[in-house]
1. Regarding the range 303-311, can at least one residue be identified that is in contact with a helix residue (DSSP H, G or I) (Cβ under 6 Å, 6 or more places away or on another chain), within 30 Å of Asp17 (Cα to Cα) and either small (Gly, Ala, Ser) or surrounded by 14 or more Cβ atoms within 10 Å (Cβ to Cβ) (or both)?
2. Considering every residue within the range 113-121, establish whether at least one is among the aliphatic types (A, V, I, L, M) and closer than 14 Å to Asn40 by Cβ.
3. Considering only the range 3-35, state which residues are part of a helix (DSSP H, G or I) and under 24 Å from Asn266 (Cα atoms).
4. Out of Gly286, Gly325, I need the residue that is exposed (fewer than 14 other Cβ atoms within 10 Å of the Cβ), within 29 Å of the chain's Cα centre (by Cα), in contact (Cβ under 8 Å) with a residue 40 or more places away in the chain and in a loop (DSSP other than H, G, I, E, B). Which one?
5. Any chance the range 49-59 includes a residue that's modelled with pLDDT under 95, among the aliphatic types (A, V, I, L, M) and touching a Leu at 6+ places or on another chain (Cβ under 7 Å)?
6. Kindly indicate the residue of the range 208-236 that is closer than 8 Å to Ala188 by Cα and surrounded by fewer than 13 Cβ atoms within 10 Å (Cβ to Cβ) and also nearest to the chain's Cα centre (by Cα) among those meeting that condition.
7. Conditions: (1) touching a residue at least 60 places away in the same chain (Cβ under 8 Å); (2) among the aliphatic types (A, V, I, L, M); (3) within 30 Å of Ala200 (Cα to Cα). Ile340 meets all but one. Number of the miss?
Amino acid sequence: MVFGMSSARGKQSILVDLNLPDGREVFNRLVRSVDVIVMNAPDRQLSPLGLDEASLQAINPGVIFCQLDCFGGPRRGPRTDYLGYDDLIQAATGIMVRFGGSMQTPEEHAHVGTIDVMCGFAAALGVAAALYRKARTGEASRARTSLAALGGLVQIPFCYDYPGREPFNEPSGRGALGYSDLSRLYRAADEWLYLAASEAELSKLDAVEGLEGLRTAVDRAQFLCAAFATAPAETWQARLRAADISAAALDNIDALRPRYSRPADNRPGTDNGSYSFSVYARHPSGHCVTQLDPLAIRPRHAPIRALAPAEKFGASTRGVLSKLGYSDIQIEALIECKAINDSWSKEYLPS
């Protein structure tokens, strides 16, 4: 449920038992009412649930089905039907080794922000392509993606080899500071600072107060280490930004959250800079909840909308069934026979 507080924002939740005939009929009506069905499940679960292509097309000819799973792909493999999540793919595809530096020091990289979220973006793109194809040709497609597929996509820059290829020069491991002398972490007088400059900006850096002489320094990293240690990170940020050079202090989420939080105002936060949080004083969970705004993707030609907080499981069961043509008496009868329910647990979160 905690994970769903983020991933289920803006969605309606209903609870239906597909193993009961009455529950199956509710499902069939849902399928007939939509253009797209999205499911997170391996191949082995589809036919028993009636979500294979033949079953769905029999219910609603032309409906588009989008499937996401962990190890699936265009061809079946030994782990196609395995369940899994972000960390498993990070381990299986080498991301943990790249981030941690070796097989002896593997490190998880950003958890759901690494593959899980990107897989969702890929699914959305697949659905958009399927809808476009249907609009152009009238034919329905099956959009398909997986964590494994995206684990490969994100590592395409490393997926080649040839005789004599030099080792990939990628900073990794717990002691990695950055990519070069001009793009790395430095310790200021009070905290760590990331300098993000390039060789083309060396002249501008040399003109920054306190960095005079950098251009002719024999050891630029040593020069910058000594220079940055003489003033606070905030001072260096101001000096560097005045010279149009990127720099940012290294901070943690506990410090960033209160600084960039505001009462929820139905805005997506895309105009608030790199960080933006909304505080829901009246969250459906009954708690005051602070959540990161949906600002990771900022398209130029399309709006990003603020989504409603994730509701409790089953909260929309009655409303959705009513729209499907069920009367109040029929809905109560379905609840009585346990084909549907409007709540999974007494509380949204354990007290």
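1. yes
2. Yes, the range 113-121 contains a residue that is among the aliphatic types (A, V, I, L, M) and closer than 14 Å to Asn40 by Cβ.
3. Gly4, Met5, Ser6, Ser7
4. Criteria check complete, one pass: Gly286.
5. For the range 49-59, residues modelled with pLDDT under 95, among the aliphatic types (A, V, I, L, M) and touching a Leu at 6+ places or on another chain (Cβ under 7 Å): present.
6. For the range 208-236, the residue satisfying everything is Ala229.
7. Status for Ile340: all satisfied but (3).
For every residue, the table says whether it meets (1) in contact (Cβ under 8 Å) with a residue 24 or more places away in the chain; (2) within 19 Å of Glu53 (Cα to Cα).
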{"position": "Thr114", "(1), (2)": "yes, no"}
{"position": "Ala123", "(1), (2)": "yes, yes"}
{"position": "Ala128", "(1), (2)": "no, yes"}
{"position": "Arg136", "(1), (2)": "no, no"}
{"position": "Ser146", "(1), (2)": "yes, yes"}
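The values are calculated or read from the model by the stated rules, or taken from the named source; none is laboratory data. Given the structure is predicted, the values throughout are model-derived calculations rather than measurements. Cβ atoms come from the backbone with ideal geometry, glycine included; neighbour counts cover every protein chain shown.
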